[in-house]
1. Can ARG21 be described as touching a Phe, Trp or Tyr at 6+ places or on another chain (Cβ under 8 Å), open to solvent by 20 Å² or more (accessible area, probe 1.4 Å), of a type in the set (Lys, Arg) and touching a residue at least 24 places away in the same chain (Cβ under 8 Å)?
2. Only residues that are at pLDDT below 95 and either assigned to a loop (DSSP other than H, G, I, E, B) or in contact with a Cys (Cβ under 6 Å, 6 or more places away or on another chain) (or both): list them for the range 132-166, please.
3. Of the conditions (1) within 15 Å of the chain's Cα centre (by Cα); (2) open to solvent by 30 Å² or more (accessible area, probe 1.4 Å), CYS16 fails just one. Which one is it?
4. Can you tell me which of TRP29, TRP33 is within 23 Å of GLY115 (Cα to Cα), within 19 Å of the chain's Cα centre (by Cα), modelled with pLDDT under 95 and crowded, with 17+ Cβ neighbours inside 10 Å?
5. Select, from VAL109, VAL133, the only residue that is buried (at least 21 other Cβ atoms within 10 Å of the Cβ) and among the β-branched types (Val, Ile, Thr).
6. Does the range 178-200 include one or more residues that are more than 20 Å from MET34 (Cβ to Cβ), crowded, with 16+ Cβ neighbours inside 10 Å, within 13 Å of the chain's Cα centre (by Cα) and of a type outside the set (Phe, Trp, Tyr)?
7. Pick from the range 63-104 the residues that are among the β-branched types (Val, Ile, Thr) and part of a helix (DSSP H, G or I): which of them is least open to solvent (accessible area, probe 1.4 Å)?
8. Quick one: in the range 136-177, which of the residues that are more than 15 Å from ASN112 (Cβ to Cβ) and of a type in the set (S, T, N, Q) is least open to solvent (accessible area, probe 1.4 Å)?
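The values are calculated or read from the model by the stated rules, or taken from the named source; none is laboratory data. Just so it is clear, the structure is predicted and the values come from calculations on it, not from any experiment. All Cβ positions, glycine included, derive from the backbone under ideal geometry; neighbour counts span all protein chains shown. The area values use the complete protein model at the heavy-atom level, side chains included, leaving out ligands, DNA and RNA. Shrake-Rupley method; radii C 1.70, N 1.55, O 1.52, S 1.80 Å.
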Amino acid sequence: MGQLLSAPGPQAVHLCIDMQRLFAPGSPWATPWMPRVLPRIVELTRRAPERTVFTRFVPPRSKLDARGTWRLYYEKWECVTRDRIDPALLELVPELAVHAPPAAVIDRVTYNAFGNGRLQAHLTAHKVDTVIVSGGETDVCVLATVLGAIDIGYRIIIAEDALCSSSDQSHDALLQLYGERFSIQIEVASTADILRIWSVDD
């Protein structure tokens, strides 16, 4: 962990998962670590806002619009369905929203950001070969998205200090998994180390 094989090239993008007000302190799905990692995510975004993609998790309008076990999920979390929630909570946190545009914003309804095809279509159109991943949660949407990116064949760089979770234990376990079990397909490094060698002008 903490060692990049080579510098991210000009076809790299910063893929930031779900840094929305919905997961900020005081919201129904608050992720306690978000304020701690936000400054590093802002740093990554500022390096190349035009090469940043933000994803947003968008719940269904009502629990009846969900299918399968998602309906059971929203039986428990009916308070965050779009009929119940303040729509402003779906927006990116203000520190990141100011960068979109030029950053792209792609919505989806499942954990895996590649699930509906929109993210992959965007990355393909921009000839992306590497994704630098930040955001939350390490053990839910980030995990699902990273596994999706592996299947597609992207080079994946995890910004280890720019991920947030609600669970220290599973966060730590996932970082170890990313860096060891998937060591050929995933590189894990600090934000500072990534920014030190990522030049968007190459």
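1. Numbers: touching a Phe, Trp or Tyr at 6+ places or on another chain (Cβ under 8 Å): no; open to solvent by 20 Å² or more (accessible area, probe 1.4 Å): yes; of a type in the set (Lys, Arg): yes; touching a residue at least 24 places away in the same chain (Cβ under 8 Å): yes.
So ARG21 does not fit the description; no.
2. GLY136, GLU137, THR138, ASP139, VAL140, SER165, SER166, listed by residue number.
3. The failed condition is (2).
4. Exactly one of TRP29, TRP33 is within 23 Å of GLY115 (Cα to Cα), within 19 Å of the chain's Cα centre (by Cα), modelled with pLDDT under 95 and crowded, with 17+ Cβ neighbours inside 10 Å, namely TRP29.
5. Numbers: VAL109 fails: buried (at least 21 other Cβ atoms within 10 Å of the Cβ).
The unique qualifying residue is VAL133.
6. no
7. VAL80
8. Checked the range 136-177; the qualifying residue least open to solvent (accessible area, probe 1.4 Å) is SER165.
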